[in-house]
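The values are calculated or read from the model by the stated rules, or taken from the named source; none is laboratory data. Remember, predicted model here, so these are calculated numbers, not experimental data. Ideal geometry is used to build each Cβ from the backbone, glycine not excepted, and the neighbour counts take in all protein chains shown.
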Amino acid sequence: MAELTTADISEARAAINGTLIETPTLSMQSDRWRAILPDLASGTIKLELFQQAGSFKARGAYLGISRLSEAEKTNGVVAASGGNHAMAVAWAAQKLGVSAKITIPKAADPLRIEGCRTSGAEVVLCEDIVEAFAVMEDSAAHEGRVMMHPFEGRHMTLGSATCGAEFVAAHPEVDLFVVPVGGGGLISGMAAAIKLAKPDATVIGVEPFGADSMYRSLKAGAPVRLETISTIADSLASPLAMPYSFEVAQRYVDEIVRVEDDALRAAMRSYQDILRLTAEPACAAALAALCGPLRTRAEGRHVGIIACGSNVSLARYHALLDG
């Protein structure tokens, strides 16, 4: 059973203390926000895009690699990803003195590919994510490397729980949290930490309509695999939910809402116009939901949203906005 306790989360926070960043929060009460936000009691953003390796993924990756046996560390790790997880595993492995191999699609943002290489990882370019996973599995089978899944696993959920615990501790007034959802690693950990600390809080996840595996899974009562994916938010484009993160999300998440890609683009522009932040689509998802499907329900609430990462090159950023 996927059970997390406050003691588990406290232990995880102690394990990352001094290495991972307790990311800052920012009030959304400047006049610039008033043109786009609902009438909130207060609004706060947790700026997880300032985390090590540029996203929340660094928390779980570091926890996972740090807890390997000495033999496993000697053999190294391998991860298949075209997104933030690739950079997080490369960074965490370098930090812990462990060899890392990253299998990544050729079409991935060059900033992410170069970021993995800069962190000292061996990068294997693949035709697509399907081949990347096949190469990862082959490496694990024949080289003995430990596979680091992009979202599924206790360490990934616990890593995200440290982020949720920080948010609640810094802003106990927040009673509605809005969190992006890809595979489920972020929402599961965030929701568990929030609900354990503040049971009456509301936790709502956000997915693109074209990659809504968690939305469909919660409706079905079991993990669901999508046949197709269509969204600009590659960091949220998981084709399936998986048992561990799904079970935790099912227990603690109140609801999942969905947004269109155009809403993600609008939120990206808002981050640029208001804060001068270059947000990737996944990073903008919570803001898109707050200004869209959650607009009425958020009125009068103390709202906390998370800006989860921003590993996007300027060329890719502008191409996404141009649609």
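Please determine whether any residue of the stretch 160-183 is outside the structural domain of Gly64 (by TED's automatic domain parsing), at pLDDT below 95 and within 11 Å of the chain's Cα centre (by Cα). Yes, that holds for at least one residue.
Among Leu277, Leu287, which is the only one that is part of a helix (DSSP H, G or I) and either out of contact with any helix residue (DSSP H, G or I) (no Cβ under 6 Å at 6 or more places or on another chain) or over 25 Å from Ala220 (Cβ atoms) (or both)? Just a single option satisfies the conditions, and that option is Leu287. Might you let me know whether the stretch 222-234 holds any residue that is in a helix (DSSP H, G or I), without any contact (Cβ under 8 Å) to a residue 40 or more places away in the chain, out of contact with any Cys (no Cβ under 8 Å at 6 or more places or on another chain) and among the hydroxyl-bearing types (Ser, Thr, Tyr)? No, the stretch 222-234 contains no residue that is in a helix (DSSP H, G or I), without any contact (Cβ under 8 Å) to a residue 40 or more places away in the chain, out of contact with any Cys (no Cβ under 8 Å at 6 or more places or on another chain) and among the hydroxyl-bearing types (Ser, Thr, Tyr).
Inspect the stretch 283-296 for any residue being β-branched (Val, Ile, Thr), without any contact (Cβ under 8 Å) to a residue 40 or more places away in the chain and either on the phi < 0 side of the Ramachandran plot or buried (at least 19 other Cβ atoms within 10 Å of the Cβ) (or both) and give the result as yes or no. The answer is no, given that none of the residues of the stretch 283-296 is β-branched (Val, Ile, Thr), without any contact (Cβ under 8 Å) to a residue 40 or more places away in the chain and either on the phi < 0 side of the Ramachandran plot or buried (at least 19 other Cβ atoms within 10 Å of the Cβ) (or both). In the stretch 3-24, the condition of being more than 20 Å from Val168 (Cβ to Cβ), assigned by TED's automatic domain parsing to the domain that holds Asp175 and charged (D, E, K, R) is met by no residue.
Kindly indicate whether any position in the stretch 304-315 is surrounded by fewer than 18 Cβ atoms within 10 Å (Cβ to Cβ), closer than 24 Å to His149 by Cα and not polar (S, T, N, Q). No - not one qualifying residue is present in the stretch 304-315. Taken over the stretch 109-145, the criterion of being under 15 Å from His85 (Cα atoms), touching a residue at least 60 places away in the same chain (Cβ under 8 Å) and not polar (S, T, N, Q) is satisfied by Asp109, Pro110, Leu111, Arg112, Gly115.
Only a single item in (1) of a type in the set (A, V, I, L, M); (2) in contact (Cβ under 8 Å) with a residue 24 or more places away in the chain; (3) assigned to a helix (DSSP H, G or I); (4) out of contact with any Gly (no Cβ under 9 Å at 6 or more places or on another chain) is not met by Val168, and it is number (4). In the stretch 137-165, the residue that is farthest from Ala192 (Cα to Cα) out of those that are crowded, with 24+ Cβ neighbours inside 10 Å and hydrophobic (A, V, I, L, M, F, W, C) is Met148.
You will find that of Phe177, Phe246, the residue that is aromatic (Phe, Trp, Tyr) and part of a helix (DSSP H, G or I) is Phe246 and no other.
Scanning for something part of a loop (DSSP other than H, G, I, E, B), crowded, with 19+ Cβ neighbours inside 10 Å, in contact (Cβ under 8 Å) with a residue 24 or more places away in the chain and not small (Gly, Ala, Ser), does the stretch 254-266 turn up at least one residue?
Initial filter on the stretch 254-266 (part of a loop (DSSP other than H, G, I, E, B)): 254, 260.
From what's left, crowded, with 19+ Cβ neighbours inside 10 Å: none.
No; the residues of the stretch 254-266 include none that is part of a loop (DSSP other than H, G, I, E, B), crowded, with 19+ Cβ neighbours inside 10 Å, in contact (Cβ under 8 Å) with a residue 24 or more places away in the chain and not small (Gly, Ala, Ser).
Scanning the stretch 56-100 for residues that are at pLDDT below 95 and polar (S, T, N, Q) yields Ser81, Asn84.
Give the residue that is farthest from Thr44 (Cα to Cα), with candidates limited to residues of the stretch 290-312 that are among the aliphatic types (A, V, I, L, M) and part of a strand (DSSP E or B). Give the derivation first.
Within the stretch 290-312, the first condition is being among the aliphatic types (A, V, I, L, M), and the residues that meet it are 290, 294, 298, 303, 305-307, 312.
Those left that are additionally part of a strand (DSSP E or B): 303, 305-307.
Numbers: Val303: 6, Ile305: 6, Ile306: 8, Ala307: 10 Å.
In this case the residue turns out to be Ala307.
Within this structure, Ile45 fails the test of being part of a helix (DSSP H, G or I), within 23 Å of Thr157 (Cα to Cα), among the β-branched types (Val, Ile, Thr) and touching a residue at least 60 places away in the same chain (Cβ under 8 Å).
Take Gly309 and tell me if it is of a type outside the set (Val, Ile, Thr), assigned by TED's automatic domain parsing to the domain that holds Ile194 and closer than 24 Å to Pro199 by Cα.
Considered against the rule, which asks whether it is of a type outside the set (Val, Ile, Thr), assigned by TED's automatic domain parsing to the domain that holds Ile194 and closer than 24 Å to Pro199 by Cα, Gly309 comes out as no.
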